[in-house]
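Asker: Input: one structure, supplied below.
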C-alpha cells in the first residue's frame with residue numbers, strides 16, 4: 001500500500017507550511033498592584049471595619065462614627081447671671097398679658113413668646129412647628145446680637161468633599177450664620193441697639209438678606225439644628241413602596257423601623273450628625289472653592305452649633321475644633337494623619353428662664369469671638385425702652401360686654417358698674433396667674449410713674 005501511494009500519490013494536497021505572523025505578541029496577564037493605605041488613614045479605618053457600613057452620609061452615622069472621629073465633653077451649665085427673686089416685679093410668663101400689666105418692656109414680651117415656641121414639645125412633629133421654631137430662633141438671635149452676625153441662610157445645605165469625590169447637600173441645618181463684614185463686625189450689647197433691631201422682626205419674617213452658598217470671603221461660624229426635626233427626618237428618610245395592588249407592605253415598614261432605631265444615638269446630646277455638620281462647616285473654611293477642591297489650606301477651624309433641649313427648657317451650645325490633620329485626611333483619604341485628627345466637642349447647657357440674663361448667659365456660652373466683647377456681670381434689664389401704644393392699658397368702656405359664667409358668679413352684684421370697671425385690679429383668677437409667672441423671669445426694674453407714662 002505504501003508502494004502504491006508512492007507511485008500514484010495519496011490524492012491529498014501537499015502540506016505547506018504557513019509563514020509565521022510578524023508583530024503579533026501573546027496577551028500578557030495584567031497584575032494589579034494592591035495599594036495599601038497608610039496606617040491611620042481613612043481608608044485604613046474603613047478597611048479595619050470592613051464588615052460595618054461606615055461610608056454613609058452623616059444622616060446615617062451612628063455612635064461608632066463618633067468613637068472613630070472624636071468625642072464629646074459635657075461642661076457645667078452657664079446659669080449666671082440670674083436676677084434676684086426679691087427684685088422681680090414683672091409678670092413674666094410665656095405670653096404675658098399687657099392688658100393687666102402694661103409695664104413689661106415689649107422686648108421682654110417678644111423674647112418670652114419666642115422662647116415659649118422654642119421649648120414647646122411637638123408630638124407628632126409637623127412642618128409648621130419646625131417653621132415656627134426656626135422663625136422664633138431667628139428673631140431671638142437678631143434681638144440679642146443684631147450687629148454680631150452678617151448674612152444668615154435658612155434651611156442651609158452644606159457640601160462635603162472626600163478625596164476626589166464631591167457630595168452636594170451632604171448635611172443640612174435650619175439656620176446658618178456667617179460673620180459680620182468689616183464694616184459691621186463690632187457687636188453691641190446696648191439695650192437701645194437691641195430695641196431698635198427687635199422692632200421690625202416678627203414671627204415668620206426674616207430680618208436678614210439671603211445669600212449665595214459660595215462665599216469666598218467668609219465661612220459659617222454658627223449653625224442651628226432642631227433635634228425634633230432631625231428625629232423626624234431619620235424616621236422618614238426611607239422610601240417604602242407599596243405591595244401588589246397597593247397593599248400595605250408591613251414587612252418592609254418594620255425593617256425600616258429597625259434601621260431607623262439603629263440610627264438613634266444612645267445620648268441625644270452627643271449625636272454623630274453634629275460632627276458631620278461641624279466637618280462640613282470646617283471644609284467651607286479650608287477651601288477657596290470646595291466644588292473644585294482648589295485652594296486647600298489645612299488649618300484648625302473652630303465652629304459652633306446651637307440646639308434646643310425642649311424637655312429641659314435649655315439651649316445647648318456645642319463648640320468644636322476640627323483639626324487640620326482631619327481636613328488633610330478628608331482631602332487625601334489614603335494619607336496618614338500628620339497630627340491628632342480627633343474632634344473634641346465641648347457642649348454646655350444654658351437655661352432659658354428667666355429671660356433677664358439670658359442674653360449674657362448665651363453670650364458667654366457662644367464666646368466673645370462670635371457675639372463680641374461684653375461684660376457678663378452687667379445684665380440688660382430693658383427698662384429704658386419706650387412703651388408702645390399697644391402695651392398701654394385699654395380704656396374702660398361703659399358698655400358692659402359679655403362675661404364668663406364663672407366671673408358672673410364670682411363677681412360682686414354691685415349696681416355701680418362704672419366703679420368696678422374703673423378699678424385697675426385684675427380678677428382674682430388672673431391675678432393668681434400673674435403672681436405665679438413672676439418667678440419665671442424676674443429682673444431688676446422699677447415701675448414707671450404715671451407722670452412718665454403721660
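The values are calculated or read from the model by the stated rules, or taken from the named source; none is laboratory data. What you see is a predicted model, and the numbers here were worked out from it, not measured in a lab. So basically every Cβ, Gly included, is an ideal-geometry build from the backbone, and we count neighbours across all protein chains shown.
Asker: If I filter the range 392-408 for residues that are modelled with pLDDT of 90 or more and not in a helix (DSSP H, G or I), do I get at least one hit? Write out each step before concluding.
Answerer: To start, the set of residues in the range 392-408 that are modelled with pLDDT of 90 or more comprises none.
Checked the range 392-408: no residue is modelled with pLDDT of 90 or more and not in a helix (DSSP H, G or I).
Asker: Taking the range 266-282 as the search range and keeping residues that are surrounded by fewer than 24 Cβ atoms within 10 Å (Cβ to Cβ) and in contact with a strand residue (DSSP E or B) (Cβ under 6 Å, 6 or more places away or on another chain), which one is farthest from residue 77 (Cα to Cα)?
Answerer: 276
Asker: So which residues in the range 83-101 are in a loop (DSSP other than H, G, I, E, B), surrounded by fewer than 17 Cβ atoms within 10 Å (Cβ to Cβ) and either at pLDDT 50 or above or on the phi > 0 side of the Ramachandran plot (or both), if there are any at all?
Answerer: 84
Asker: Does residue 122 meet the test of being out of contact with any helix residue (DSSP H, G or I) (no Cβ under 9 Å at 6 or more places or on another chain) and modelled with pLDDT under 85? Walk me through how you get there before you give the answer.
Answerer: Details: out of contact with any helix residue (DSSP H, G or I) (no Cβ under 9 Å at 6 or more places or on another chain): no; modelled with pLDDT under 85: yes.
Criteria not met by residue 122.
Asker: Follow-up. Output the residues belonging to the range 212-247 that are assigned to a helix (DSSP H, G or I) and either at pLDDT 85 or above or closer than 26 Å to residue 131 by Cβ (or both). Talk me through it step by step, then tell me what you get.
Answerer: So the first thing to find is which residues in the range 212-247 are assigned to a helix (DSSP H, G or I), and the list is 227-235, 244-246.
Within the range 212-247, 227, 228, 229, 230, 231, 232, 233, 234, 235 qualify.
Asker: Taking the condition within 20 Å of residue 326 (Cα to Cα), touching a residue at least 12 places away in the same chain (Cβ under 8 Å) and over 13 Å from the mean Cα position of the chain (by Cα), does residue 235 pass?
Answerer: Working: within 20 Å of residue 326 (Cα to Cα): no; touching a residue at least 12 places away in the same chain (Cβ under 8 Å): yes; over 13 Å from the mean Cα position of the chain (by Cα): yes.
Spelling it out, it is not the case that residue 235 is within 20 Å of residue 326 (Cα to Cα), touching a residue at least 12 places away in the same chain (Cβ under 8 Å) and over 13 Å from the mean Cα position of the chain (by Cα).
Asker: Among (1) assigned to a helix (DSSP H, G or I); (2) more than 23 Å from residue 268 (Cα to Cα), there is one condition residue 338 misses while meeting the rest; what is its number?
Answerer: With respect to (1) assigned to a helix (DSSP H, G or I); (2) more than 23 Å from residue 268 (Cα to Cα), residue 338 is out only on (1).
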